[in-house]
Amino acid sequence: MEANELFQELNAVTKRMDDVKIFHHALPFNNTEMQLMKEIVRANEEGKRIISSRLAKILGITRSAVSQIVNKLQRKGIVQRVPDEKDKKIAYIELSKSARGLYDEMRERINHMFEKFIHMIGEEKINQFLKSANEFIDAFNSMQSDFPAVSLNGAGVELA
């Protein structure tokens, strides 16, 4: 396989992976919303509370994006902002009481879906895929220092 062909195939596969909507159709929330709720539940189960900036860091998105998601979920009655008793500038993000039951039900549906997926594909193939994918990512990441970023300024391209 030539390098250019590999590059094209990798782009196609990554696009398809990005387009996978694990929760599409089955649940009323997208992947990021489910991850956000999962992190809220995890913090709660550890006896902790979580703020937007921590959610942003965990999810790998901006605080602004977290704020938009929280606003959307708050309008639906799924999450609520709870001000800190001592510092009113701090607001914890929590699931509403009714949303916790909904979340638990969705987790059961997700677990069932993945059990079916494991049965369909087979545990050995899934483990092989995950091992190969992680090896592939690790190999690419280890090469990053060998290929410094290209400067467009030297090519006469003006950057905004």
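The values are calculated or read from the model by the stated rules, or taken from the named source; none is laboratory data. This one's a predicted model, so the numbers in the text were calculated from it and none came from an experiment. Quick reminder, even Gly has a Cβ in these numbers, built from the backbone with ideal geometry, and neighbours come from all protein chains shown. Remember, those area values only see protein heavy atoms, side chains included, never the ligands or the DNA or RNA. Shrake-Rupley method; radii C 1.70, N 1.55, O 1.52, S 1.80 Å.
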Quiz item: Could you say which residue among Glu124, Glu105, Glu135 is part of a helix (DSSP H, G or I), within 21 Å of Lys38 (Cα to Cα) and open to solvent by 80 Å² or more (accessible area, probe 1.4 Å)?
Solution: Glu105
Quiz prompt | In segment 45-76, the residues that are polar (S, T, N, Q), out of contact with any strand residue (DSSP E or B) (no Cβ under 7 Å at 6 or more places or on another chain) and either part of a helix (DSSP H, G or I) or in contact (Cβ under 8 Å) with a residue 24 or more places away in the chain (or both) | solution = Ser53, Ser64, Ser67, Gln68, Asn71
Quiz item: So is Val150 closer than 30 Å to Phe7 by Cβ, modelled with pLDDT under 90 and open to solvent by less than 70 Å² (accessible area, probe 1.4 Å) or not?
Solution: no
Quiz item: Taking into account only those residues within segment 93-106 that are among the charged types (D, E, K, R) and in contact (Cβ under 8 Å) with a residue 12 or more places away in the chain, which is farthest from Ala43 (Cα to Cα)?
Solution: Arg100
Self-check item: Members of segment 42-57 that are buried (at least 16 other Cβ atoms within 10 Å of the Cβ) and farther than 16 Å from Ala91 by Cα
Solution: none
Exercise. List every residue pair whose Cβ atoms lie under 8 Å apart, where the two residues are 6 or more positions apart in sequence or sit on different chains, the first residue falls within segment 5-31 and is at pLDDT 80 or above, and the second residue, located anywhere, is assigned to a helix (DSSP H, G or I).
Key: Phe29/Met37; Phe29/Met106
Quiz item: So which residues in segment 67-91 are among the hydrophobic types (A, V, I, L, M, F, W, C), open to solvent by less than 30 Å² (accessible area, probe 1.4 Å) and either touching an Asp or Glu at 6+ places or on another chain (Cβ under 8 Å) or at pLDDT below 95 (or both)?
Solution: Ile69, Leu73, Ile78, Val79
Quiz item: Mind checking whether some residue in segment 108-129 is in contact (Cβ under 8 Å) with a residue 12 or more places away in the chain and in contact with a strand residue (DSSP E or B) (Cβ under 8 Å, 6 or more places away or on another chain)?
Solution: no
Practice problem: Could you tell me whether Gln8 is farther than 30 Å from Phe140 by Cβ and either part of a strand (DSSP E or B) or out of contact with any Lys or Arg (no Cβ under 8 Å at 6 or more places or on another chain) (or both)? | Solution: no
